[in-house]
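The values are calculated or read from the model by the stated rules, or taken from the named source; none is laboratory data. What you see is a predicted model; the values in this text were computed from it and never measured. Here the Cβ positions follow ideal geometry from the backbone for every residue, glycine too, while neighbour counts run over all protein chains shown.
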Amino acid sequence: MATEDTRVPVTILTGFLGAGKTTLLNRILTEEHGLRIAVIENEFGEIGIDHELVINTDEELFEMNNGCICCTVRGDLIRILGSLMKRRDKFDHILIETTGLADPGPVVQTFFADEEMQDKLKVNAVVTLVDAKHILLHIDDSEEAKEQIAFADVIILNKCDLVTPAELDSLERRIRGMNALAKIHRTTNAQLPIADVLDVGGFNLDRAMELDPHFLEEEEDDHSHCDHEHGHCEHEHGHCEHEHGHCEHEHDHCEHEHDHSDCDHEHGECKHEEHHHHHHHDETVTSVALEHVGDCDGEKLNTWLSELLRTKGQDIFRTKGIVAVRNNPKRIVFQGVHMIMNAADGGPWGDRQRKSVLVFIGRHLDRAELTKAFQACTL
Amino acid sequence: MGLKKYAAVQADDCILNVQWAGDHLCVTPVTGAILILGKEGEITSALPDHGLGNGASSATPDLVATCGFDGRVRLHSLPACEAVAEVKLGRSVIERVVWSPDGQHLAVGFGKNLLILDRKGETVATFGEHQTSVTDAAWNPKNAREVASVSGGGARMWRLGATEPFAKFDWGGASLSVAWSPDGRWLVTGDQTASVHLYDFNRDYPLHIQGYETKVKAMAFSPDGKRLATGGSPMVTVWDCTPKNGPEGSTPGQLQFHQGDVEAIAWSPDGKYLATGDILGRLVLSANDKPVSAFQGENNITSLAWNADSTLLAVGDGDGLVVVFQAV
């Protein structure tokens, strides 16, 4: 049984311009829900709500450790949330709005990569609003739109009144193919229970499997009307181990700055890679879910995942999983963003069937290759 | 040398910073009224807060500047605490303001600009060219017309009257804080990563100190500028800045007086003592790298400030308590 989690939940709201973020945020700020919510919005964002609980900031990206995409985080959030967390009178919830063109990766990574953020805050959900009528106009050309869908725990298909049921079904199938894990809601005027946004509790793979044993069959399974109850999922926590295998720390020493012409950082072993936005057109974002009934070899699995995320992490937006490791009575719960992976104690298996499930959401995912590699780690 | 409790006051929230202004102490909590204390430690005035959160205030002997999440800067006179000016700069959070050493100009990081206000709150300069929000500023103690700003990408050094920076320190990362050594030679930035960048004005030479276990959350130059103390983990690291090459290639002094992470550091103005405070509430006074006095409080120490003649040490904690100690 996990100890009481006192971390403040954070919801990240993404979506293209006009998808309905302002409508949803206004509802969240004005409706009676009994929660005290601080909203952090971009200074130059579309919303511009003048409200005492809205904090304006300027999206500020920086690379924490090296040039890796996984280490790009939001410096403004670290500072402002750090200040908010010092308050005696803590907020019940924090909502972060990103600009329509933002890659949600750095926002999510901020809560994985910065220890203080990880200690005091937990990601409730990445909520992506999708304009059901207009998304098809830019989904093929916009990496940001794909990334916003790929990162989402909750997708709100808004403006459903402007499209036909058949169009909606088709769109939802497309989205489901990109992100097999997200809970999808269909709305008009962003009308949905606020709890569906604020009380997600992180995506709980375990619960999803229990409620819908066929959820791994994402390509055939139509989730458009699924009634998964995610409202009271417990977020796994405990003793997360921050695995940053490729970044090494040294003892205190002082040296002359290296030549910065090629690399801004001093971790020589980390290459500076292209970051911010990657415009690789004609790439498909998909989900691959892998399942094995029985145990895994923990060492082999760790080696494979480390290598996979090190080499392919830029293309893997999110990784989630529950694993049964040989001789370990407890479930290991994984959550990853790009190259960063957290493993947490998921509690004892008890009477449940021991099985391992891994889900990858990303682009260039080779299902056959991933399946083969995963099977090599199973017992 | 010992510490004797002289006065104590309770603010509304975690103390963001304490700063002496002559005989007065300016106490800024994270939220709630900004307090001005008199000679005996009594509250003489409570200045209005800045909405969802205050930024770090700055005080001269006759003027205090406050700021915060409401995008405003307010100036109040001291000791009367009468409103002098209120400037609404916009919607962005203002994280701190800093008076110049002569008390004539106020540096304000606002969005991607460093604004310089005069004593009436009028903007006398706007320094741009920052890639991201300006997070901190530091004036040259040897030249009250020179100021450094930090933002994503590095530091910029500005001179009042000019529109372009007279020096740049581009190292590419992001900084939380900046300090200028009292002798004017060094500029140091505490970074979002576990490192510190130093810039040697004498040689136009950048240095990088890395390998800290945690972010450097506190740093302070000794009054003579010869030593730089940095903290963040339980160990306080003290660098010798006197050699021609500064700390380059040197081994620092490592003070292991704390069990908890050190998040507040202050040298006494007479240079004799280094005060360090940790997240477990322990305050340690050391001299020549040896502890000489200690005090155990109940909450994490967030801010330390000595008065000008090194006789009083103000200690702010995470629960809003400010204790003023007398050095005896």
Q.
Which pairs turn up if I take residues in segment B:106-127 that are more than 14 Å from chain A (Cβ to nearest Cβ) and of a type in the set (S, T, Y) and look for partners that are surrounded by 15 or more Cβ atoms within 10 Å (Cβ to Cβ) and in a loop (DSSP other than H, G, I, E, B) with beta carbon separation below 9 Å, at least 6 apart in sequence or on another chain?
A. B:T123/B:L89
Q.
Can you go through B:G246, B:G316 and tell me which one is touching a residue at least 60 places away in the same chain (Cβ under 8 Å), within 13 Å of chain A (Cβ to nearest Cβ) and in a loop (DSSP other than H, G, I, E, B)?
A. B:G246
Q: Answer yes or no: is there a residue in segment A:303-320 that is over 25 Å from A:F111 (Cβ atoms), surrounded by fewer than 20 Cβ atoms within 10 Å (Cβ to Cβ) and of a type in the set (V, I, T).
A: yes
Q. How many of the residues making up segment B:131-175 are at positive phi and in a strand (DSSP E or B)?
A. 1
Q.
Based on this model, can you work out whether A:L35 counts as at pLDDT 90 or above, away from chain B (no Cβ under 14 Å) and either in a loop (DSSP other than H, G, I, E, B) or surrounded by fewer than 17 Cβ atoms within 10 Å (Cβ to Cβ) (or both)?
A. yes
Q. If you go through segment B:248-266 one residue at a time, do you hit one that is buried (at least 18 other Cβ atoms within 10 Å of the Cβ) and under 19 Å from B:Y6 (Cβ atoms)?
A. yes
Q: Could you run through segment A:324-343 and say how many residues are surrounded by 19 or more Cβ atoms within 10 Å (Cβ to Cβ) and farther than 28 Å from A:K146 by Cα?
A: 4
Q: Working only within segment A:123-149, note down all residues that are out of contact with any helix residue (DSSP H, G or I) (no Cβ under 6 Å at 6 or more places or on another chain) and either assigned to a strand (DSSP E or B) or aliphatic (A, V, I, L, M) (or both).
A: A:N124, A:A125, A:V130, A:D131, A:I135, A:L136, A:L137
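To keep it simple, each residue is scored yes or no on (1) among the polar types (S, T, N, Q); (2) assigned to a loop (DSSP other than H, G, I, E, B).
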residue	(1), (2)
B:T31	yes, yes
B:A46	no, no
B:C81	no, yes
B:P101	no, yes
(Q) Of all residues being among the hydrophobic types (A, V, I, L, M, F, W, C) and within 14 Å of another protein chain (Cβ to nearest Cβ) in segment B:69-97, which is surrounded by the fewest Cβ atoms within 10 Å (Cβ to Cβ)? Just the residue, please. (A) B:L89
Q | Condition broken by A:M85, with the remaining ones in (1) closer than 23 Å to A:M339 by Cβ; (2) part of a helix (DSSP H, G or I) satisfied | A | (1)
Q | Total residues in segment B:153-177, condition within 19 Å of the chain's Cα centre (by Cα) and either of a type in the set (D, E, K, R) or within 14 Å of another protein chain (Cβ to nearest Cβ) (or both) | A | 7
**Q.** First in segment A:306-318 and within 14 Å of A:H364 (Cβ to Cβ), second anywhere and among the aromatic types (F, W, Y) and outside any loop (DSSP other than H, G, I, E, B), Cβ under 7 Å, 6 or more apart
**A.** A:I316/A:F360; A:F317/A:F151
